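One structure is given here, and the rest of the page talks about it.
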Amino acid sequence: MIVSPSVLSCDFGNIERETKMLDDSKADWLHIDVMDGNFVPNISFGFPVLKAISKHTDKTLDVHLMISNPGNYVDEFADCGANILTVHYEACVHLHRTIQHIKSKGMKAGVALNPHTPVSVLEEIIGDLDLVLIMSVNPGFGGQKFIDSSVNKVVSLKKLIESKKANVIIEIDGGVNLETGKKLSDAGANALVAGSFVFNSDSPTNTIEKLKQL
């Protein structure tokens, strides 16, 4: 299981320390949530913070854009060190063009789906993707309750990937803990994003190790 702790839940007053803690842990990726207050009702951080994080880790930077018109900023995120760039299906008018742009900059390309968006919308583009991120909460805020129907969504996505003979990582974001993580793993998920569950635990590094064993 790929574990991608969400930096959104870390202590921003000690972001260097938190990043180094994750860098020394068994985490595979660092999940960076970028929010613009438009596509989602929250504002997080942008290029300067991403650059700062990239200086203190060698791990994969898994950048999730919860912003309007994400295609306008692909070059900048590549320059800031993003390794994976995930855009929302709901925010992209020209999704294929945006995916090709991301890949042309040497990044892996992902598409995120909000809870109400069916996986069937990806049927024509699944073969071009490296990753699909299923939102198991409504995007914008950490610490929300897991949406149970997300498990069946993972099953549907896995069937679509297999039917198209695609090579795509299934990542889940929202309400992930050991209980929901086990259900998602059994359904076919390859990667789990965990924020508050990791950072609010007594030992974030031990929590990451437990998630990796799912």
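Of all the numbered requirements in (1) touching a residue at least 40 places away in the same chain (Cβ under 8 Å); (2) touching a Cys at 6+ places or on another chain (Cβ under 7 Å), LEU131 misses one, and that requirement is (2).
Scanning region 153-168 for residues that are within 30 Å of ASN38 (Cβ to Cβ) and either in a helix (DSSP H, G or I) or in contact (Cβ under 8 Å) with a residue 60 or more places away in the chain (or both) gives LYS153, VAL154, SER156, LEU157, LEU160.
Report yes if some residue within region 55-69 is modelled with pLDDT of 95 or more, in contact with an Asp or Glu (Cβ under 6 Å, 6 or more places away or on another chain) and assigned to a strand (DSSP E or B); otherwise report no. Yes - at least one qualifying residue is present in region 55-69.
Pull up region 9-27, narrow it to residues that are of a type in the set (Lys, Arg) and closer than 14 Å to ASP58 by Cα, then point me to the one that is nearest to the chain's Cα centre (by Cα).
Restricting attention to region 9-27, the residues satisfying the condition of being of a type in the set (Lys, Arg) are 17, 20, 26.
Remaining after also requiring closer than 14 Å to ASP58 by Cα: 20, 26.
On the way: LYS20: 20, LYS26: 17 Å.
That would be LYS26.
Restricting PRO5, PRO41, PRO48 to those that are over 29 Å from ASP202 (Cβ atoms) and either touching a strand residue (DSSP E or B) at 6+ places or on another chain (Cβ under 9 Å) or among the aliphatic types (A, V, I, L, M) (or both) reduces the list to PRO41. Please work out if THR19 is without any contact (Cβ under 8 Å) to a residue 60 or more places away in the chain, among the polar types (S, T, N, Q) and either buried (at least 21 other Cβ atoms within 10 Å of the Cβ) or within 28 Å of GLY188 (Cα to Cα) (or both). So THR19 fails the test. Among the residues of region 47-94, the ones that are polar (S, T, N, Q) and out of contact with any Leu (no Cβ under 9 Å at 6 or more places or on another chain) come to 3 in all.
Scanning region 180-190 for residues that are surrounded by fewer than 24 Cβ atoms within 10 Å (Cβ to Cβ) and not in a helix (DSSP H, G or I) turns up GLY188, ASN190.
When the residues of region 145-178 are narrowed to those that are among the hydroxyl-bearing types (Ser, Thr, Tyr) and out of contact with any Ser or Thr (no Cβ under 7 Å at 6 or more places or on another chain), which ends up surrounded by the most Cβ atoms within 10 Å (Cβ to Cβ)? Don't jump to the end; show me each part of the working.
At the first step, the residues of region 145-178 found to be among the hydroxyl-bearing types (Ser, Thr, Tyr) are 149-150, 156, 163.
Next, from what is left, pick out any that are out of contact with any Ser or Thr (no Cβ under 7 Å at 6 or more places or on another chain): 149, 156, 163.
On the way: SER149: 9, SER156: 15, SER163: 10.
Going through the qualifying residues, I end up with SER156.
Restrict the check to region 125-132 and report whether at least one residue is modelled with pLDDT under 95 and of a type in the set (Val, Ile, Thr). Break it down stepwise before answering.
Filtering region 125-132 down to residues modelled with pLDDT under 95 leaves none.
Looking for residues that are modelled with pLDDT under 95 and of a type in the set (Val, Ile, Thr), one finds none in region 125-132, hence no.
The set of residues from region 59-83 being surrounded by fewer than 15 Cβ atoms within 10 Å (Cβ to Cβ) and either closer than 15 Å to MET107 by Cα or among the aliphatic types (A, V, I, L, M) (or both) comprises ASP75, GLU76, ASP79.
The values are calculated or read from the model by the stated rules, or taken from the named source; none is laboratory data. Please read all numbers here as calculations on a predicted model, not as lab measurements. We place every Cβ from the backbone using ideal geometry, glycine too, and count neighbours over all the protein chains shown.
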